Amino acid sequence: MRRRDDIIGRNIFEAFSKPADERAEVDIEKLRWSLERVIERRQPDYIPIIHYDITLPDGRFEERYWSVTNTPLLNEAGELTFILHFPVDVTELHRLRRANFQTGQTRGVSEMIEGEILRRAQAVEEVNEELREEQKHLRSLFEQAPGFIAVLSGPDHVYELANRAYLQVVGRHDVVGKTVAEALPEIAQQGYVEILDQVYASGQPYVGRGIRVFFQPKLSEPPTEGFYDIVFQPIFDRSGSTVGILIQGNDITEQKHAEDELRDYREHLERLVQERTRALEQSEAQRRQAQRMEAIGQLTGGVAHDFNNLLAIVIGNLELAQKRISEPRVDHLLENAIQAGERGAKLVRQLLAFARKQSLSLESTDLPQTIRQMRDLLKRTIGPNITIETDLEEGLWPVVTDKVQLETALLNLAINARDAMPSGGTLIIAARNVKSPAVPEDLAIGEYVRISVSDTGVGIPEELHAKVFEPFFTTKEVGKGTGLGLSQIYGFVKQQGGSVTLHSEAGRGTEIALYLPRTQSAPQLEASKASLAEFHGAGTHLLVVDDDPGVRAFVVESLRTVGYRVSHAESGEKGLIMLRLHDDIALIIADFAMPNLDGLGFIQAARKNRPDIPVILMTGYANVERLTEKHLQNVPLVLKPFGLETLLKTVQDSLCQARSRPSQA
């Protein structure tokens with residue numbers, strides 16, 4: 001007899017040895033021919049009786065006779081997959097027949113034996129038919145299983161069975177009869193044979209969820225990745241020993257890919273939400289900062305108006321006193337007072353620049369020429385231990401700007417950079433043409449010139465970035481700066497429809513960039529400065545209108561000093577009355593900000609009856625947007641506080657232009 005493990009996976013003629021004689025060879029050939037007929041015809045084959053001895057435990061052979069049925073087992077495609085070898089032991093019947101033959105009782109016994117054999121053969125056929133039907137049913141269930149299934153036998157894990165789903169997963173159809181390592185060498189390289197060994201040795205199942213496996217059906221092609229839920233279930237015999245392993249599982253590759261795509265999509269959405277949230281937070285912070293700056297600007301502009309009126313009175317009267325007092329010691333004191341007043345006026349102008357309430361002298365400007373002309377001034381200002389570099393793009397677009405304010409802005413930025421590099425470094429002034437969307441968010445869509453000033457200094461901590469453009473904020477020590485430089489730049493650029501950006505890291509330097517709108521007009525040539533002429537009023541009648549009595553008194557006294565005849569009024573309404581009473585008034589000097597009827601309204605009313613009368617506006621805080629109104633475009637503007645010579649020259653120029661109009665007509 002043979003144990004199951006002794007025959008599984010072996011050739012039938014090797015598993016059952018025979019004595020080495022001619023008779024045995026004949027019987028072996030008889031069985032071989034039967035099996036070959038089954039393979040060829042795909043039909044059952046019968047051997048009524050065959051002599052085939054079996055080996056006893058002591059190695060001796062015992063004579064046996066068998067009635068054999070070989071039945072083909074086909075799959076759904078009609079292919080032969082197995083042969084059901086069903087032998088029936090007829091040794092006793094054969095011995096009985098032989099004994100009767102020897103005693104002469106051959107006929108009846110022979111008929112009985114043959115009838116019994118036929119009966120048994122028919123019974124075998126009926127059993128075989130039932131087995132075939134059951135095998136077909138089981139095979140169908142095996143093939144239709146929702147997952148992949150394979151059966152391995154022995155410690156070497158030889159494939160006994162594998163359903164169609166399993167073969168599709170591994171990409172091979174020739175695995176039955178081979179070990180896992182032979183059929184799927186790539187599996188062995190991934191450590192799964194070791195898992196099978198552990199299951200076989202321990203008798204404990206292995207459950208894997210979503211495990212990653214690479215199969216390589218063809219060496220010429222790259223391996224394919226798959227994800228599977230797998231169970232390696234040990235198979236036991238009656239004694240409880242492990243004799244094989246059942247592999248069962250499901251291919252979840254598509255599900256895994258769908259889950260990965262869903263996870264990636266969810267993560268992408270989360271990133272978009274985070275980015276949008278950051279953008280909204282940044283936009284909200286910018287909006288709050290803009291509102292804050294606007295509020296500070298409104299406050300600053302209002303304060304600057306009052307200061308300018310005060311400084312106009314102080315400086316103007318000091319200049320009048322200086323012209324009337326010849327005492328050197330007093331003159332020295334007055335000069336010091338005038339210089340202090342002018343420094344105060346400069347601070348107020350910086351405040352007005354931040355508040356975007358200054359009057360700008362806008363003209364088309366050649367930036368490369370302006371920057372090159374400033375190099376000598378910058379070198380003298382920042383010292384020899386700092387290298388100045390310029391990086392100007394060819395074909396820079398012209399911009400409309402106030403050239404003096406731009407030069408002041410670049411100078412302020414250079415001084416800040418110098419202070420940030422006490423041990424020396426590099427200052428770079430660069431200019432580039434840029435278009436939307438490569439511009440700050442607060443700018444309208446269009447074309448701009450980006451002027452940047454960067455240094456290699458100590459940098460500005462991030463927590464201070466939102467404060468650097470506020471008036472009076474400074475990182476410098478007390479006494480080393482007012483903190484108005486960057487706020488003035490901020491207001492100056494914003495007033496022109498531009499923007500300012502700051503990029504700085506502590507210890508890695510700072511870059512401040514100015515974005516100015518492009519203009520299509522060509523840069524204007526610089527006009528030569530006119531020399532101051534002698535001022536003679538010669539009795540010309542002027543009208544001064546200002547609600548501030550101090551400013552009004554200073555202007556009236558200044559004009560009368562050089563010979564003008566001056567009338568004055570404290571409001572726009574009274575100024576209109578003075579015009580009706582004196583038809584010889586040749587020029588009006590009016591304040592911009594007055595209650596009820598302001599300077600602009602007064603000018604409009606005055607020119608209804610005197611359309612050609614020249615007018616000069618004085619202001620310390622101007623709603624500069626209104627100065628673009630058509631009927632005010634040519635009105636000269638005198639910014640408070642102003643000096644005596646500025647006032648007198650503006651009056652003289654206006655009168656000269658008025659007198660020359662008839663001759664030009």
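The values are calculated or read from the model by the stated rules, or taken from the named source; none is laboratory data. Everything numeric here is computed off the predicted structure, so don't read it as measured data. Virtual Cβ from ideal backbone geometry, glycine too; neighbours counted across all protein chains shown.
Tabulated results
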quantity: Failed condition for ARG60, given (1) at pLDDT 85 or above; (2) farther than 25 Å from GLU134 by Cβ; calculated: (1)
quantity: Residues that are at negative phi and part of a loop (DSSP other than H, G, I, E, B), drawn from region 184-225; calculated: LEU184, GLN190, GLN204, PRO205, GLN216, PRO217, LYS218, LEU219, SER220, GLU221, PRO222, PRO223
quantity: Some residue of region 210-220 being at pLDDT 90 or above and among the hydroxyl-bearing types (Ser, Thr, Tyr); calculated: no
quantity: Sole exception among (1) crowded, with 16+ Cβ neighbours inside 10 Å; (2) within 30 Å of ASP366 (Cα to Cα); (3) modelled with pLDDT of 75 or more for PRO471, by number; calculated: (3)
quantity: Residue list for region 191-249, filter: more than 20 Å from PRO146 (Cβ to Cβ), charged (D, E, K, R) and surrounded by 13 or more Cβ atoms within 10 Å (Cβ to Cβ); calculated: ASP197
quantity: Qualifying residue in region 398-408 (condition: assigned by TED's automatic domain parsing to the domain that holds ILE512, in contact with a Lys or Arg (Cβ under 8 Å, 6 or more places away or on another chain) and free of Cβ contacts under 8 Å to residues at least 40 places away in the same chain); calculated: no
quantity: Considering residues of region 380-407 that are charged (D, E, K, R) and farther than 18 Å from GLN488 by Cα only, the residue farthest from the chain's Cα centre (by Cα); calculated: ARG380
quantity: Criterion: more than 15 Å from LEU514 (Cα to Cα) and at pLDDT 80 or above - qualifying residue of ILE388, ILE429; calculated: ILE388
